[in-house]
Amino acid sequence: MKTSSLLLALLLASATASAQSAPPAAAPRSAGDLVAEILAHNPELAVYTAEIDAAQAGLAAAGTRDNPVLSVETGRKRVRDSAGVLAGEGAVWSASVAQTFEWPGRLALRKAVANRDVALAELGLARFRAALAQRTRTLAFSLHAAQERAAATAEVAARYRALRDLFLARDPGGITPLLETRVLEAQELALQRRATDAQLALHAALAELNQLRGSPADAPLAVTDAPPRFAAAPATEALLAAARENNFEFRSAKLELEQQGFAVSLARHERRPSFTVSPYVTQENAGDRERTVGVGFSLPLPVSRRANAGVAAAEARRRQAETAVLVAQRTLEREVLTAVQRYAAKTAEAADWSPEAGKKFREAAELADRHYRLGAVPISTYVELQNSYLEAIDALCQTRLDALEAAGALELLTGTTLVDAEVRP
């Protein structure tokens with residue numbers, strides 16, 4: 001029993017220390033401040049910005065022609081007459097510059113395809129920033145909730161421990177004091193699970209939030225205790241219209257469909273082969289000096305079916321993109337309808353909790369502790385009120401967290417602001 005009590009004391013002391021881990025001089029951070037910091041310094045943003053840079057480089061390459069090709073040849077030439085007598089010998093050289101030209105409009109189509117790559121990369125960055133901001137707000141509240149749970153657990157455990165020590169110091173006789181002591185010891189042991197869970201949740205939220213900030217995982221951080229305020233959900237039709245306009249996945253599917261449409265036009269255009277113009281000059285110094293200047297012209301002959309196969313493949317990919325847009329729209333509508341129902345249910349549940357609910361249950365637990373010491377409250381009522389205080393804190397924090405997650409999911413689906421925040425992505 002002494003070992004269990006010592007373990008509980010260590011866990012509660014650690015939870016209390018973590019809950020108060022921010023230095024006294026450091027003010028608690030709001031969710032908006034954390035969102036602004038993370039959106040400015042999150043290291044994963046570099047992946048998406050690099051993707052945009054790569055797409056823009058591809059756009060620049062798509063808008064340029066092929067480089068001209070310079071060819072130079074040199075050698076020696078011997079000239080003999082019909083009798084085999086050497087008539088002359090000298091150097092021979094030739095030089096040409098070949099430039100490939102494409103039919104008008106082809107570069108514009110390639111740039112249109114590359115432009116969609118840039119738009120998709122920018123959309124990916126915007127989607128990541130929105131998800132990052134939402135995750136930050138959820139983690140900030142999770143951290144505050146874990147700190148609040150740890151503090152409440154430590155408070156109740158301190159009451160149980162004080163009473164148990166008091167009973168053991170008195171060493172009273174009789175069955176009733178003995179049984180009450182065992183009840184308090186059992187409740188103290190049961191708090192080990194709550195203390196451990198609160199500690200693990202606190203460290204998990206703190207580590208993830210610090211990593212998003214680009215800080216050490218165990219860096220101290222305190223979050224303000226302002227509860228989130230939820231707006232009423234707009235009408236379902238308005239949310240569906242906003243989702244079709246703002247949803248990242250649906251917009252990506254439409255961009256890919258546009259891109260495949262340009263790819264089909266490009267494949268059809270490429271059935272007309274490019275042609276190459278190559279001005280050249282040659283000179284021979286074997287005996288007499290001869291120089292030739294001219295222009296060459298080359299054109300691939302479309303005898304194979306490769307170009308038609310490319311068109312067929314591009315059209316097949318466009319049909320796939322059309323189906324993807326239809327599936328994305330159906331999925332989006334289903335997810336919006338589900339999310340708005342969940343948001344309405346969770347916010348209604350959170351609205352049932354008064355702002356002073358946690359304070360009232362805490363005061364009731366303190367009152368029960370004072371009156372139990374005076375003998376006015378039985379042990380069953382005392383234990384029930386202490387446990388009710390902890391359960392109320394858990395339920396309050398979890399209800400608000402569920403509502404916040406439901407709001408975040410609906411915001412990501414529709415782009416509609418539903419939670420008060422200081423910073424928006």
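The values are calculated or read from the model by the stated rules, or taken from the named source; none is laboratory data. Because the structure is a prediction, the values reported are computed rather than measured. Every residue, glycine among them, receives a Cβ derived from its backbone with ideal geometry; neighbour counts consider all protein chains shown.
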Any chance Ala242 is part of a helix (DSSP H, G or I) and closer than 24 Å to Phe128 by Cα: yes
With respect to the numbered conditions (1) touching a Leu at 6+ places or on another chain (Cβ under 7 Å); (2) assigned to a helix (DSSP H, G or I), which one is the sole condition not fulfilled by His371? (1)
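Taking the stated definitions as given, is Ala364 touching a strand residue (DSSP E or B) at 6+ places or on another chain (Cβ under 6 Å) and either buried (at least 17 other Cβ atoms within 10 Å of the Cβ) or more than 23 Å from Leu139 (Cα to Cα) (or both)?
no
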All conditions in (1) surrounded by fewer than 16 Cβ atoms within 10 Å (Cβ to Cβ); (2) touching a residue at least 60 places away in the same chain (Cβ under 8 Å) are true of Leu239 except (1)
Just for the stretch 212-221: of the residues that are in contact with a helix residue (DSSP H, G or I) (Cβ under 8 Å, 6 or more places away or on another chain) and assigned to a loop (DSSP other than H, G, I, E, B), which one is nearest to Glu405 (Cα to Cα)? Leu221
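For the stretch 213-220, state whether one or more residues are buried (at least 19 other Cβ atoms within 10 Å of the Cβ), among the basic types (Lys, Arg), at pLDDT 80 or above and out of contact with any Phe, Trp or Tyr (no Cβ under 7 Å at 6 or more places or on another chain).
So far as the stretch 213-220 goes, yes, one or more of its residues are buried (at least 19 other Cβ atoms within 10 Å of the Cβ), among the basic types (Lys, Arg), at pLDDT 80 or above and out of contact with any Phe, Trp or Tyr (no Cβ under 7 Å at 6 or more places or on another chain).
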Among the hydrophobic types (A, V, I, L, M, F, W, C), within 27 Å of Asp402 (Cα to Cα) and either modelled with pLDDT of 85 or more or out of contact with any Phe, Trp or Tyr (no Cβ under 9 Å at 6 or more places or on another chain) (or both): is that true of Ala263 in this structure? no
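Just to be sure, is Leu326 among the hydrophobic types (A, V, I, L, M, F, W, C) and either under 18 Å from Glu411 (Cβ atoms) or not in a helix (DSSP H, G or I) (or both)?
no
Residues are listed down the side, and each one gets a yes or a no for (1) touching a strand residue (DSSP E or B) at 6+ places or on another chain (Cβ under 6 Å); (2) in a helix (DSSP H, G or I):
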residue: Leu266; (1), (2): no, yes
residue: Arg271; (1), (2): no, no
residue: Val281; (1), (2): yes, no
residue: Pro300; (1), (2): no, no
Restricting attention to the stretch 99-125, and to residues there that are free of Cβ contacts under 8 Å to residues at least 60 places away in the same chain and part of a helix (DSSP H, G or I), which single residue is farthest from Leu34 (Cα to Cα)? Leu107
Residue selected from the stretch 275-328 under the condition of a type in the set (Asp, Glu) and under 30 Å from Ser252 (Cβ atoms), by the criterion nearest to the chain's Cα centre (by Cα): Glu322
Would a scan of the stretch 268-280 turn up a residue that is under 30 Å from Ala313 (Cβ atoms) and hydrophobic (A, V, I, L, M, F, W, C)? yes
Considering each of Phe128, Phe167 in turn, give the residue that is more than 19 Å from Thr381 (Cβ to Cβ), of a type in the set (Phe, Trp, Tyr) and either modelled with pLDDT under 85 or assigned to a helix (DSSP H, G or I) (or both). Phe128
Restricting to the stretch 290-342, name every residue that is over 30 Å from Arg110 (Cα atoms), surrounded by 11 or more Cβ atoms within 10 Å (Cβ to Cβ) and modelled with pLDDT of 90 or more. Thr331, Leu332, Glu333, Glu335, Val336, Leu337, Thr338, Ala339, Val340, Gln341, Arg342
Could you say which residue among Ala91, Ala162 is of a type in the set (Gly, Ala, Ser) and touching a residue at least 60 places away in the same chain (Cβ under 8 Å)? Ala91
Write out, first by first residue and then by second, each pair whose Cβ atoms fall under 9 Å of each other, whose residues are 6+ apart or on separate chains, and whose first residue, in the stretch 184-198, is modelled with pLDDT under 80 while the second is not in a helix (DSSP H, G or I). Glu185/Met1; Leu189/Met1
